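Colleague: A single structure is presented below for examination.
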Amino acid sequence: MANRTVKDANSIHGTNPQYLVEKIIRTRIYESKYWKEECFGLTAELVVDKAMELKYVGGVYGGNIKPTPFLCLTLKMLQIQPEKDIIVEFIKNEDFKYVRLLGAMYMRLTGTSVDCYKYLEPLYNDYRKIKSQNRNGEFELMHVDEFIDELLHGERVCDIILPRLQKRQVLEEAEQLDPRISALEEDLDEVESSEDEDEEEEKVVFNCPSDVKVFSTTSLGFIYTTKAHNAGGTPERVQTPEPHRRSYRDMDRPRRSPSPRYRRSRSPRRSVFSTSCLLAIH
């Protein structure tokens, strides 16, 4: 029969791999047009070509429970049970995001807790957009990391009940997994170090007597001197002007030209010219 599991398939979680999908959904998949036309006679090598044609993810939709191609291929992979190396190549594929999600879905259904954390957590760094079809047949916008988070922490994804996943903390205590290092921790450390450097630049402590501390704040333009105790025994803060401060001048106000202190003397050329004019008149 075309709907039977291969003979040499191993049991997953103590049962037939196809039984991981509920019976009513499994029956709807067998009766669907996509299963009869596209999934008939598929092998592990031919599933890759069909996975590259996927355009969205989803479970079932509509009032008569129609399965999506993503759900049909998931059941087909449970039926033929491809090798683990093929599934790992699905997950590591960066060119086709729906191929990656199909491999992640199969790994979550059939893999151990250690394998799920090992191969799915690196996909948190994939922020590409994907389309998801809901129960009403409408499409919604998602991201790859959101889908992976649902696989690791949700109970039902694409209308399939996920097997129980052991907590990561338990696996770390049993030394089966290394502590997870987020890609954002390095960025956060760099931001904190830069903030500390900025604070040190803004606040400079000068050498001064023990009873007086002087803090220079460049952004405010003045200096605070803090004495240890005043006459009443309480701390006192006194504002003092900043030394070596430039005098203020209004740059918008036009500058006046300096007025001459003494009367200008006539140029010799002008005096000669005026004398010649008088002689010509006479």
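Colleague: Tell me the residue from 15, 68, 27 that is of a type in the set (S, T, N, Q) and under 37 Å from the mean Cα position of the chain (by Cα), please. Walk me through it before giving the result.
Modeller: Details: 15 fails: under 37 Å from the mean Cα position of the chain (by Cα); 27 fails: under 37 Å from the mean Cα position of the chain (by Cα).
Sole residue among the options that is of a type in the set (S, T, N, Q) and under 37 Å from the mean Cα position of the chain (by Cα): 68.
Colleague: For the stretch 91-106, give me each residue that is in a helix (DSSP H, G or I), open to solvent by 10 Å² or more (accessible area, probe 1.4 Å) and not charged (D, E, K, R).
Modeller: Of all residues in the stretch 91-106, those in a helix (DSSP H, G or I) come to 91-92, 97-106.
Restricting the remaining residues to those that are open to solvent by 10 Å² or more (accessible area, probe 1.4 Å) gives 92, 97-98, 100, 106.
Correct list: 98, 106.
Colleague: In the stretch 39-77, how many residues are buried (at least 16 other Cβ atoms within 10 Å of the Cβ) and not aromatic (Phe, Trp, Tyr)?
Modeller: Number satisfying all stated conditions: 23.
Colleague: I would also like to ask the following. Residue 139 - would you say it is within 25 Å of the chain's Cα centre (by Cα) and open to solvent by 80 Å² or more (accessible area, probe 1.4 Å)? Can you show your working first?
Modeller: On the way: within 25 Å of the chain's Cα centre (by Cα): yes; open to solvent by 80 Å² or more (accessible area, probe 1.4 Å): yes.
Yes, satisfied.
Colleague: Determine whether the stretch 15-34 contains at least one residue that is open to solvent by 20 Å² or more (accessible area, probe 1.4 Å), acidic (Asp, Glu) and closer than 22 Å to residue 157 by Cβ. Break it down stepwise before answering.
Modeller: Step one: of the stretch 15-34, the residues open to solvent by 20 Å² or more (accessible area, probe 1.4 Å) are 15-16, 19-20, 22-24, 26-28, 30-31, 33-34.
Imposing the further condition that a residue be acidic (Asp, Glu) reduces the set to 22, 31.
Narrowing further to those that are closer than 22 Å to residue 157 by Cβ: 22.
Yes - at least one qualifying residue is present in the stretch 15-34.
The values are calculated or read from the model by the stated rules, or taken from the named source; none is laboratory data. Please read these numbers as outputs of a predicted model, since none were measured by experiment. Note that each Cβ is placed from the backbone with ideal geometry, even for glycine, and that neighbours are counted across all protein chains shown. Accessible surface areas use protein heavy atoms only, side chains included; no ligands, DNA or RNA. Shrake-Rupley method; radii C 1.70, N 1.55, O 1.52, S 1.80 Å.
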